[in-house]
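Working notes, beginning with the structure itself.
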Amino acid sequence: MDFAEIRKKAIAGWKDLVSSKTPVIYLGAATCGRAAGIEAVAEEIRKISKELSLNIRLVEVGCIGPCYLEPLIYIQKNGYPSVCYGKITPRKIKKLLEDYLINNDPRPDLALGTLGDGQINGIPGLFEHPMLKYQTRLVLRNCGIIDPEQIDHYIARYGYLGIKKALGMSPSEVIDEVKTSGIRGRGGAGFPTWKKWEICHNVQSDDKYLICNADEGDPGAFMNRSLLEGDPHAVLEGLLIGAYAIGANHGYIYIRAEYPLAIKRLEHAISQMKSYNLLGNNILGSDFSFDIKIKKGAGAFVCGEETALIASVMGKRGMPMPRPPFPAISGVWGKPTIINNVETLGTLATIIRRGGEWFAGFGSKFSKGTKTFSLVGKVKRTGLIEIPLGTPLKTIIFDIGGGTSGDKKFKAVQTGGPSGGCIPAELISLPVDYESLMSAYSIMGSGGMIVLDEDTCVVDIASYFLSFIQAESCGKCSPCRIGTKVMLDILEKIKSGKGEMADIDKLISLAKTIKKASLCGLGQTAPNSVLSTLRYFRSEYEAHIIDKSCPALVCKDLIKYTISKEKCAGCGICREKCPAGAITGKKKKAHIINESLCVKCGICYQVCPAKYGAVEKKTGFLT
Amino acid sequence: MLTIDGKEVDFKEGATVLEVATDNGIYIPTLCTHSGLLPFGACRLCLIKIENMRGFPPACTTPAAEEMKIITNDPELNSLRKNVLELILSEHPHSCIICDKKELCSYYHISPTKSGHVTGCAFCPNKDRCELKQVAEYLGIKEIRFPFTYKNLPLEREDPFFDRDYNLCILCGRCVRVCQEIRGIGAISFTKRGHDTKIGTAFGKSHLDGGCQFCGACVDACPTGALSARGSKWHGVPDKETTTTCALCSVGCSLKLETKWDRVMAAHPDTEGPANQGQACVRGRFSIPALVNGANRLKYPLIRRNGRLVPATWDEAAELAAVKLGKYLPGETAFLTSPFLTNEAAYLLQKFARVCLVTNNIDTASFFSVPVIESQMKCSGMGAGTGTIENIAKSGWIIVIGDDLLASHPVLTVNVNQARKQGATVSLIGSERDINSRMFDTCVSVEPSGYFPLLSGILKTIVEKGGFDKNFVTGKCDDFDKLKSSLKKIDIKTVAGTCGISQSLIKKLATTIVSSGRGSILYGPKILECDDPAQIISLLFNILLLAGSPAGLVPLSDGANSQGVADMGALPNFLPGYQHVTDKDSLTVFENAWSAKLPEKPGLSYPEILNGAAEGSIKALYVTGGEIPQETSLERLDFLVAHGIYPSPLFETADIVFPAAAFTEEDGTITSLERRVQPLQAGAKPVGMSMPDWKIICKIAEKMNVKGFEFSSASEVFDEICKVNPLISGHGIWDLKLKDKFTLTPVKKTARSKKSMLYEKPFWHYRGVDLTEKVSDLKILRKKMNIEHRTSNIEC
């Protein structure tokens, strides 16, 4: 079957699905949805459909983004657009199915929006939802919409047209097109993709490797996982295009073993590609041949570093190797190797299909296109988003994210993961692109965005990131291995109220040594979280050191819990819940916390009924 | 041309900046760089500045390039290095390094301080050679601003030979890399990550279980006291170091003997050694002191009086030997040489036999038995292999047959590994051990009886499938057709069945040989267990010829000087330099040189001598090593003289025992398996009244009033050797003039010779002394490696 026929069949199949006479329920069944309980919901739907003898077709799709609304389902009926419902539980589902499928009431009160052509009265389009309204979805265009296990769905939605078009171009033309698009590596460093490719393209070798770096390891980041789970073919098509451009004949997907669903989807997708001659020898009848292997990583953060990743692919310990030689000249098995991030590859098909110039129309001057972010932390609407580069932080945090959870004071946003930095509230209008973030002493990174509010202690957050880096250091080079540990010890010292002013200078001096002397990117950026918090929140460090107080009331050694005599009504909840038995008091009498027994877990603070608000956190009592 | 600290210098393509700097006398501190290892870039001390290059690239990993402008030393770099070293020292006991009284202290701390936990240099076994201390002194570290972290890891002292204290480890990775890159074993690796990173074995096994071969390369590479040789760690700086050649196997490793208090206390490999290039094995590195310093070393000559051996003076003993030996007819005396003798001793012994006792009854208990030598002569023209160690490293394919290479010649695996890293395919035909799979691409487990069918099967596949070096075969080899027709009868299917292997394996071996260019074949003593060892050697040489690599035959001889002893003519049918005794011209040359009438008939070979001794036709026997088969009956002997370094079962019947010096106590030369003549140099005086073997022989000759044995030093003997032996002209590999035309030998199955004799000897021995008896740790290793004894076979 040639590709035109495959496509025709796929489009027909897709049309059948979206205009299906029998109801279709799409389940947001990515890892996030599963964690939120979509499988139980699906089980319940199967049960109900038997009970009510409804003929329902269930389709598992990826994640459309708003994690805070998981689990998500979309009900499509009678050729109407599907209606999206959030926070569905097995308990709620029966009523909803009865209402909509039997009584024809789409429950606008529960609906989040409609997806697909057409309208339903009283329900706005899903993309009018504030979380989605400001987004431009190029990479994520299929996520949450198609069944990632159906290659036909992908093909029906313009899939594999990119590689088809690329195969009609020369590899240099493909590189030029990518150059025109202005796309830069989405893995963190922002190196222009075409430049990397060109070096490798110009190296003569019988074997070349293209590796997809799916070793997403930043705490709180899940962009790559979502994409691989929701639309694996987009990434695989990108791999084909990249391989064709640089002349690679072998591909690896280096993916952490903690992503079992993504691995399953990829394996499935690869077998489907083979059956359509999209992989193997003479792809789509051209001279281009390519194979893809999945290499599972054991989950070391440092394996996201190119040379460590290469070592890991070869079965060695994931330790960075000195450069030169650069991987583009000598990488896996000593052959020219290019490593591209999942998102970079996921964008390529669209770039080639619609042209580099079209893509360059998105974004800012030096940062073209869109970028996905995982928006997490103290923000109302958490989830996976995709925005044109240059979008101000404010739009992201307040318009898309809906502001901080509990409407506390917004303090800062941490971008770029452990290697990035904190951007303070003053810089809220900063456009999010490579240069602007750099100028604010942070980095774009792979797309983690952690929102911090006034309840977050920056010393604590810095020590959290540093402890992560410290534990994930490969242990090879001394500044990173020992330096980060010494820095962490100093931070712990400051957190416990034993810090001295000289410690700040020590931190800065150590940070400089580590940045200058470390072998790989992990070490060179390791102190960033400390440096950026010191830059913007030095006073908070000083409060820990001089006043022995933690303004955010986080650092355990610097806070204490007390119960206000006046406010306490003696309900006894705190006494019951206290794990240390530190609270005493008679019923309807003010309770007291015995400081010597208190472990500062904060449970009393949480359980004290809001109407009393008797438990208080205090700091600054040590001076 | 590049500029380094303002100085314009030339550089070799591919050199790193660090190498260029070192070559030009510019010191850049480094702790992870080690000669022979690939650049690693871990310690971050060699950071430099290069114009137009971002940041501070490390000198050790940055390749030198044209027009580079390099700064290796300025205040900024110095402070950066200091900061990094401070971090390293914050985890290494450093109190002594930064102590301002350290000089005075070291003056009082002159005696070794044996402590368990090392808390400062004063208690460190490595204090005199610590590279970390040297770098700290160079950088002028006066204080450490960070709190000291003692990792408090348990001392690891359960394994044989060396101790490990990872509290001193700075994770430079030299040990890991030397084990992996150079030795190809990979017994250790970095384990865990982050701050918990530690060197260790897989799954925390002991080194013994983790495949460690205890070669000691890691100990030698360690810049700190983290790894230390248990037997010698507390001796401090030796009084002197002597470069000598290891006489425990035939590789010919150069060793530095460390002498303290007039004893050889330790040995470590010489980095300049031509054969070993800084590598050694468990025997050379760790076993020598215990071997040569045993309490029961023979110290006096012994003579039998009233049925008991009693101490005697040298004059007494030599006089007795001279008188007794002189009594017998030429056919009644015989000499058995040890393959561990020096060239000088072997030369004088055969001269003594031929000149003083007019007999050719002299042979060696060695792999180099007469049939092997004759077979080698057919191949190479001399009684030697054709290959060199350097050649092994350059081979495209290697076959090891009939020896447990990792146990018998561990240092050769370094070269095998080197070849393998460059793409060579390495196959093992012979015994099977787990560890072999790390070294060999293919392991074919075949008993010696299967060697003949297997090799003929390989040969047949090569000849029939073609692809061999046709130019070489047509231009330089005779009798290809004869070989081809002799292979007709061989059926691959039967061969596979006999050997218990698959046909595809035979094909695979054949394909490797014809498709990988020049090759090497290393063959060991197990071929002696075959029905016809000579035929096996011819088969191996046929294979090499078809691959166009005549210079690839390497004998894995068991004695350290098997080659030299044979070169010296300690053989029943050859005079020095493989000149046949029946050759009138050669004989005349030697008669003139030695001014004596020499016997014309070939003498008795090893088994014949032993049979003769048992039957009574040999009346007097002169033995210089303990390698006599235990089951030999010597009771009918009239007179037995033995040399030895330790008491041996032979002494029950010996009439005179001469105490010989060990190889660490004598000067001289030995010849390695690659025909390399190398010097021995005494690291200590001979124990007690013992003497080098050559001197003992001179002493007896003197008592017999025979001229031609008046030597005052080993070098005088060597001078005479150089004069009379055309092969030897000095130190170094003696030139093997390969023939212009080779002959391919037809394959013919022959039956085992009736006179052959199989016997067992310790796998690791020196002059018949079982090393594992003297070195208790070696016994543990032997048990672990599951090697018992080595079978030897002597044929007539």
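The values are calculated or read from the model by the stated rules, or taken from the named source; none is laboratory data. None of these values were measured; they are calculated from a predicted model. Backbone-built Cβ (ideal geometry, glycine too); neighbour counts: all protein chains shown. Note: accessible area is taken over every heavy atom of the protein model, side chains too, but ligands, DNA and RNA are not part of it. Shrake-Rupley method; radii C 1.70, N 1.55, O 1.52, S 1.80 Å.
If you stretched the chain out fully between residue A:607 and residue A:94, how much longer would it get, using 0.36 nm times the residue separation minus the C-alpha to C-alpha distance?
On the way: separation 513, 0.36 × 513 = 184.68 nm, distance 3.34 nm.
Net length gain for the segment: 181.3 nm.
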Open item on the list: Could you derive backbone 3J(HN,Hα) for segment A:550-564 from the dihedral phi with the Karplus parameters 6.51, -1.76 and 1.60 (θ = phi - 60°), listing whole Hz in sequence and x where the residue is Gly or Pro?
Closed with: 10, x, 8, 6, 10, 5, 4, 6, 10, 10, 9, 9, 10, 10, 6
Task: Ratio Rg/Rh, restricted to segment A:19-129 and using Cα atoms, in which Rh is the Kirkwood radius - done: 0.92
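Given the peptides A:342-349, B:476-483, arrange them by the average over their residues of other C-beta atoms within 10 Å, most packed first. All intermediate terms of the calculation are to be shown ahead of the outcome.
On the way: A:342-349: 29.2, B:476-483: 15.9.
Top of the packing list down: A:342-349, B:476-483.
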Task: Net +/- balance of residues flanking residue B:594 in space, Cβ distance below 12 Å, scoring K and R +1, D and E -1 - done: +3
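Just the number, please: Stokes-Einstein D of chain A in µm²/s, Kirkwood Rh from C-alpha pairs, 25 °C, 0.890 mPa s. Could you put the intermediate results ahead of the total?
Numbers: Rh = 26.3 Å.
Taking Rh from Cα pairs, D becomes 93 µm²/s.
Enumerate by residue number the GluC sites (Glu not before Pro) in segment B:96-149 meeting two conditions: DSSP loop (anything except H, G, I, E, B), and at most 15 other Cβ atoms within 10 Å of the site's Cβ. Write down the numbers at each step before the final one.
Working: sites: B:103, B:131, B:137, B:143; in loops: B:143.
Sites meeting the loop and neighbour criteria: B:143.
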Open item on the list: I'd like the interface area for chains B and A: accessible area of each alone minus the complex, both sides summed, 1.4 Å probe, protein heavy atoms only. What is it in Å² to the nearest 100?
Closed with: 2500
Open item on the list: Can you give me the angle between helix B:776-785 and the longest principal axis of chain B, using Cα atoms only, in degrees from 0 to 90, rounded to the nearest 10?
Closed with: 80
- [ ] Leaving out ligands and nucleic acids, note down the accessible area per residue over segment B:2-109 with a 1.4 angstrom probe, in whole Å².
- [x] 49
- [ ] Please work out the FRET efficiency for the pair residue B:582 and residue B:636, using the Cβ-Cβ distance as r and a Förster radius of 35 Å; give the result to the nearest 0.05.
- [x] 0.70
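Determine the relative contact order of segment B:277-318: mean sequence separation of Cα pairs under 8 Å and six or more apart, normalised by residue count, in whole percent.
Numbers: 20 pairs, mean separation 10.6, N = 42.
Relative contact order for segment B:277-318 comes out at 25 percent.
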- [ ] Output the relative contact order of segment A:151-359, whole-number percent, from Cα pairs under 8 angstrom with separation of 6+ residues.
- [x] 33
Task: Solvent-accessible ranking of A:129, B:34, A:544, largest area first, probe 1.4 Å - done: B:34, A:129, A:544
Task: Residue-averaged beta-carbon neighbours from other chains (10 angstrom radius) around A:511-518 - done: 5
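What pairs from B:421/B:507; A:316/B:256; A:394/A:567 go past 30 Å between their alpha carbons? Show your work: numbers first, answer last.
Numbers: B:421/B:507 23 Å; A:316/B:256 35 Å; A:394/A:567 38 Å.
Listed pairs above 30 Å: A:316/B:256; A:394/A:567.
Quote to one decimal, in nm, the extra length available between residue B:447 and residue B:329 on full extension: 0.36 nm per residue of separation minus the C-alpha distance between them. Let's see the in-between values first.
Working: separation 118, 0.36 × 118 = 42.48 nm, distance 4.39 nm.
Gain on extension, residue B:447 to residue B:329, equals 38.1 nm.
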Task: Stretchable slack from residue A:293 to residue A:169, in nm (0.36 nm times residue separation minus alpha-carbon distance) - done: 42.1 nm
Open item on the list: Need one value for B:73-83: mean number of C-beta atoms belonging to other chains within 10 Å of its residues' C-beta atoms.
Closed with: 2
Task: Cα coordinate range in segment A:556-619, projected on the principal axes (Å, largest first) - done: 30, 20, 16
- [ ] Report the FRET efficiency, 1/(1 + (r/R0)^6), for residue B:422 and residue B:702, where r is their Cβ-Cβ distance and R0 is 51 Å, rounded to 0.05.
- [x] 0.40
Task: Inverse of mean 1/r across different Cα pairs in segment B:203-331, Kirkwood, Å - done: 18.0
Open item on the list: Cut-off under 13 Å on the C-alpha distance; same-chain residues fewer than 8 positions from residue B:142 excluded. Which aspartates and glutamates are left, in chain and number order?
Closed with: B:86, B:100
Open item on the list: Show me the ranking of peptides B:733-746, B:365-378, B:243-256 by mean Cβ neighbours inside 10 Å, starting with the highest.
Closed with: B:243-256, B:365-378, B:733-746
- [ ] Just order B:443-449, A:458-464, A:497-503 by mean Cβ neighbour count inside 10 Å, highest at the front, would you?
- [x] A:458-464, B:443-449, A:497-503
TODO: State the percent of C-alpha pairs, over all pairs in the protein assembly as shown, separated by a distance greater than 48 angstrom.
DONE: 51
Open item on the list: Once ligands and nucleic acids are excluded and a 1.4 Å probe is used, how much of residue A:605 is accessible, expressed in Å² to the nearest 10?
Closed with: 110
Task: Hz values of 3J(HN,Hα) by residue in segment A:351-366 - Karplus curve (6.51, -1.76, 1.60), Gly and Pro given as x - done: 4, 5, 5, 9, x, x, 5, 4, 5, 5, x, 8, x, 9, 4, 9
TODO: Using a Förster distance of 25 angstrom, determine the FRET efficiency expected from the C-beta separation of residue B:108 and residue B:237, and round it to 0.05.
DONE: 0.95
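Below 8 Å between Cα atoms, with a sequence gap of 6+, how large is the relative contact order for chain B in percent? All intermediate terms of the calculation are to be shown ahead of the outcome.
Numbers: 1692 pairs, mean separation 114.7, N = 796.
Contact order relative to length: 14 percent.
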- [ ] Compute the normalised compactness of segment A:151-359: alpha-carbon radius of gyration over 2.2 N^0.38 Å, N being the residue count.
- [x] 0.93
TODO: Give the long-range amide H neighbours of residue B:643: residues separated by 5 or more places, or on another chain, with amide H under 5 Å away, using H modelled in the peptide plane at 1.01 Å from N.
DONE: B:623, B:624, B:625, B:658
TODO: Quick one: which residues, 5+ away or cross-chain, put their amide H under 5 Å from the amide H of residue A:377? H built at 1.01 Å from N.
DONE: A:451
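Could you work out what % of the accessible surface of segment A:1-114 is carbon and sulfur, using a 1.4 angstrom probe and leaving DNA, RNA and ligands out of the count?
51
Once you have the alpha carbon radius of gyration of segment B:1-144, what is it after dividing by 2.2 N^0.38 Å, with N set to its residue count? Before the final figure, lay out each step's value.
Details: Rg = 17.4 Å, N = 144, 2.2 N^0.38 = 14.5 Å.
Cα Rg divided by the expected 2.2 N^0.38 Å: 1.20.
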- [ ] Order B:639, A:537, most accessible first, counting only protein heavy atoms with a 1.4 angstrom probe.
- [x] A:537, B:639
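From other protein chains only, count the Cβ atoms within 10 Å of every residue's Cβ in B:197-203, then give the mean.
Values: counts 6, 1, 1, 0, 0, 0, 0.
The shielding value for this peptide is 1.
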